[in-house]
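Chemist: Encoded as structure tokens, here's the structure I'll be asking about.
The values are calculated or read from the model by the stated rules, or taken from the named source; none is laboratory data. Since the structure is predicted, the reported quantities are computational estimates derived from the model, not experimental observations. Every residue, glycine as well, gets a Cβ built from its backbone with ideal geometry; the counts of neighbours run over all protein chains shown. All accessible areas refer to the heavy atoms of the entire protein, side chains included, with ligands and DNA or RNA removed. Shrake-Rupley method; radii C 1.70, N 1.55, O 1.52, S 1.80 Å.
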Amino acid sequence: MLQLATEHLLTPAELQPDDLDRVLGRLVAGAVDLGDLYFQHRRTETWSLEDGIVKAGGFHIDQGVGVRAIVGTGTGFAYADTINLPALMEAAGSARSIARSGSSGSLPVASPVQAPALYSPDDPIAARGSADKVDLLRTIDAYARSLDPRVSQVNVSLACQYESVLIAASDGTRAGDVRPLVRLDVRVIAEEGDRRESGNAGGGGRYALDELMQADAWQRLAGEAVRQATLNLGAEDAPAGQMTVVLGPGWPGVLLHEAIGHGLEGDFHRKGISAFNGRIGERVATEHCTVVDDGTLPGRRGSLSIDDEGTPTSCTTLIENGRLTGLMQDKLNARAMGMKPTGNGRRESFAHVPMPRMTNTYMRPGDHDPEEILASVDDGIYAVNFNGGQVDITSGKFVFVASEAYRVKNGKVGAPLKGATLIGNGPDVLTRVSMVGNDLELDAGVGVCGKDGQGVPVGVGQPTLKIDGLTVGGTA
């Protein structure tokens, strides 16, 4: 991948590997502890269809280089939206001036990073013409309407991205990656009488566009969106109060990501603001809970062969059998905390600084059959899917809105519910997990994580979980 990224990023700018050494030498000369260059070229194509009409089509190219100088825990950062030697030297001078002081200025011999390729470097934008992509959206629109006469609106969108990155750092790192990313979303409105409900489904990942354009792939998404919308036409008002909650497998893992995962990112611990601060080695969850962040899953939306600092991604066990065992780290925080980088240094683009971010975060499966878990509930709700919420990522306090939920009484799943919200905080929820299913699912590939104004693609997942005592907000 390094050779291919070099051809995409350095060759057009007539830059040679020696030029990168000159820039890094200027960046770290007697001034900084670590300096790095992050080259990026990203093309993005989007199409959206609303009720059979193409509402938007877009094509964007982002290209540039970010230059970072680290002194202790301080960062000097500059970027240029052109890639050439004069721009690089100017950005290096600016970043060094911002960083101001430091301890070292020597450069080790550059060492190419070896990491397994988790995806093919095929370009999803060039794979099919615009006409084929628009035809696909129209076909999905017609298919969704054919599934149920109550479907009154259909919105479909397709996004393709092709990105090359190259990282050169003063610690000798030389790494490159070429990253495809595709995503398809279907939103449906169904109406009956005076009821009007919506359903959503989406999917994607780091794989070829043709895989997403196969009929079984898009029909599954369209069918799921229609199923959700028509199901909610008959939903009853959700109850309110403290009760047992069973979370379904897959996308409900977003609660784990938001309410717990952020608290296990290294920068929050270094700053002492995480709800889990100082608790490594302690029991923070029931013995049923083992949580990992795994950037090495082939083709997944949150996966990366290397992170945005050139470190190969890994599978980091964060919580094992209820005990806090690890954190997600980038280079800056790992150095400051005396730990190793875990391949979680990520950034939105060359114009942003990297920081510890999740990749694919999920809870490992337990021993219980999902039917056994539901049968154990006397009075509660079964939340299968979420469509939004709010989270304080440092304290873990959350409010999530269920897009699909059911009442459970005497071990039987009853009527669908509308307006169910789950209210609590992540660290407390982990101490209330009493049963974990054997049905681990990862989400379909739609997650975007926001932190400090930066968005990056991520994956989530979990098996069926039983939580004893969670506040449910409803209207019944």
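Chemist: Which one is nearest to the chain's Cα centre (by Cα), of the residues in the stretch 352-409 that are over 18 Å from D237 (Cα atoms), of a type in the set (D, E, K, R) and surrounded by fewer than 18 Cβ atoms within 10 Å (Cβ to Cβ)?
Modeler: Step by step, filter the stretch 352-409, then rank; the result is D392.
Chemist: Within the stretch 295-315, count every residue that is buried (at least 23 other Cβ atoms within 10 Å of the Cβ) and at negative phi. I'd like the intermediate steps shown before the answer.
Modeler: We begin by selecting, within the stretch 295-315, every residue buried (at least 23 other Cβ atoms within 10 Å of the Cβ); these are 295, 300-302, 304-311, 313.
Narrowing further to those that are at negative phi: 295, 300-302, 304-309, 311, 313.
Number satisfying all stated conditions: 12.
Chemist: Going by what's in this entry, would L231 be described as outside any strand (DSSP E or B), over 30 Å from L209 (Cα atoms) and either at pLDDT 95 or above or not small (G, A, S) (or both)?
Modeler: Details: outside any strand (DSSP E or B): yes; over 30 Å from L209 (Cα atoms): yes; either at pLDDT 95 or above or not small (G, A, S) (or both): yes.
So L231 fits the description; yes.
Chemist: Still on this structure, please answer the following. Just for the stretch 27-47: of the residues that are at pLDDT 85 or above and surrounded by fewer than 18 Cβ atoms within 10 Å (Cβ to Cβ), which one is nearest to I189 (Cα to Cα)? Break it down into steps so the answer makes sense when it comes.
Modeler: Filtering the stretch 27-47 down to residues at pLDDT 85 or above leaves 27, 33-47.
From what's left, surrounded by fewer than 18 Cβ atoms within 10 Å (Cβ to Cβ): 44, 46.
Working: T44: 28, T46: 22 Å.
Going through the qualifying residues, I end up with T46.
Chemist: Now a separate question. For K412, which of the numbered conditions (1) more than 28 Å from L324 (Cβ to Cβ); (2) open to solvent by 40 Å² or more (accessible area, probe 1.4 Å); (3) in contact with a strand residue (DSSP E or B) (Cβ under 8 Å, 6 or more places away or on another chain) fails to hold?
Modeler: (3)
Chemist: Within the stretch 190-204, is even one residue in contact (Cβ under 8 Å) with a residue 60 or more places away in the chain, among the acidic types (D, E) and over 20 Å from A383 (Cβ atoms)?
Modeler: Looking for residues that are in contact (Cβ under 8 Å) with a residue 60 or more places away in the chain, among the acidic types (D, E) and over 20 Å from A383 (Cβ atoms), one finds none in the stretch 190-204, hence no.
Chemist: Return the pair list, or none, for Cβ contacts closer than 8 Å from residues in the stretch 463-475 that are on the phi > 0 side of the Ramachandran plot to residues that are among the basic types (K, R), at least 6 apart or on different chains.
Modeler: G469/R432
Chemist: Specify the residue that is surrounded by the most Cβ atoms within 10 Å (Cβ to Cβ); the eligible residues are those in the stretch 158-208 that are within 16 Å of the chain's Cα centre (by Cα) and more than 30 Å from R145 (Cβ to Cβ).
Modeler: In this case the residue turns out to be R206.
Chemist: Of these, T244, T173, T230, which one is within 30 Å of T139 (Cβ to Cβ) and in contact (Cβ under 8 Å) with a residue 60 or more places away in the chain? Please lay out each step first, then the result.
Modeler: On the way: T244 fails: within 30 Å of T139 (Cβ to Cβ); T173 fails: within 30 Å of T139 (Cβ to Cβ).
Among T244, T173, T230, only T230 is within 30 Å of T139 (Cβ to Cβ) and in contact (Cβ under 8 Å) with a residue 60 or more places away in the chain.
Chemist: Report, ordered by the first and then the second residue, all pairs with beta carbons closer than 7 Å, sequence separation of six or more or different chains, a first member in the stretch 137-153 that is open to solvent by 60 Å² or more (accessible area, probe 1.4 Å), and a second member that is of a type in the set (V, I, T) and part of a helix (DSSP H, G or I).
Modeler: L147/V226; R150/T230
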